[in-house]
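Everything on this sheet refers to the single structure shown next.
The values are calculated or read from the model by the stated rules, or taken from the named source; none is laboratory data. Values in this document were obtained by computation on a predicted structure and should not be read as measured data. Neighbour counts run over all protein chains shown; Cβ positions are idealised from the backbone, glycine included. Keep in mind that these areas ignore ligands, DNA and RNA; they rest on the heavy atoms of the full protein, side chains included. Shrake-Rupley method; radii C 1.70, N 1.55, O 1.52, S 1.80 Å.
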Amino acid sequence: MSERILLLGDSLACLDSLARSADVDVVGAHEVPDGTYSAAVIGIRLADDHEPATAREAFDARIDECMDLAQKLTSLKHLILVIGAPDASTHMPREIEDRLLSSCDSLSETLQAEVEQRIGTYVIVTMILASSCKDPDLLAERVLDRATQSRASDAATVVLWEEIESESIADVGGNQFI
């Protein structure tokens, strides 16, 4: 891999393997190093209540952060937001997951369009609902694969952990696009 991946945001157990990858630089909150990064992976910790309104507030707070990253890191091709629960044993009710998916769909499309319109660059926005992820190694593999993917037809994609356990993010996103 010729370009680096930036990992920032909330600390999530499902991102532990990614954080140990040789191709990943981990930075603290509000710290953006100079450099060439092909992707930024941002951890977003869901509140214990899993309420979509609370999650939406957390997402909205990340929009400015993503815009700043896209503006500062001109080499950025991917913004990957990984949404996780405080721990993987927390079960999210299906109706809450459905509302969260709707919020994520809206956010991913908004973010992709905002970067393109305001900054004039093209980034692929991927959101992964990984609250049930119990295999951080596989998640790291999927995220690294996505982060090195060139242009995609699925420029704004939302996937569930269960969908990418057996398929790549590109395959799942491509199937959604069709």
Query raised in the report: Can you give the accessible area of Glu167, probe radius 1.4 Å, in Å² rounded to 10?
Result: 70 Å²
Report task. In debye, nearest 20, what is the charge dipole magnitude of the chain about its Cα centre with +1 on Lys and Arg Cβ and -1 on Asp and Glu Cβ, if you could check? Result -> 440 debye
Query raised in the report: Given a 1.4 Å probe, how much area per residue of the range 117-156 is accessible, in Å²?
Result: 44 Å²
**Report entry** Portion, in percent, of the accessible area of the chain that falls on carbon or sulfur, probe 1.4 Å
**Finding:** 46 percent
Report summary line: Mean projected area (nm²) from the convex hull of Cα positions in the chain is 9.1 nm²
Report task. Find me the longest stretch of the chain that has none of the exposed trypsin sites (Lys or Arg not before Pro), where exposed means in a DSSP loop (not H, G, I, E or B) with at most 13 other Cβ atoms within 10 Å. Result -> 21-133
Query - Magnitude of the charge dipole, the range 108-158, Cβ model with Lys/Arg +1 and Asp/Glu -1, debye to 20 - result: 60 debye
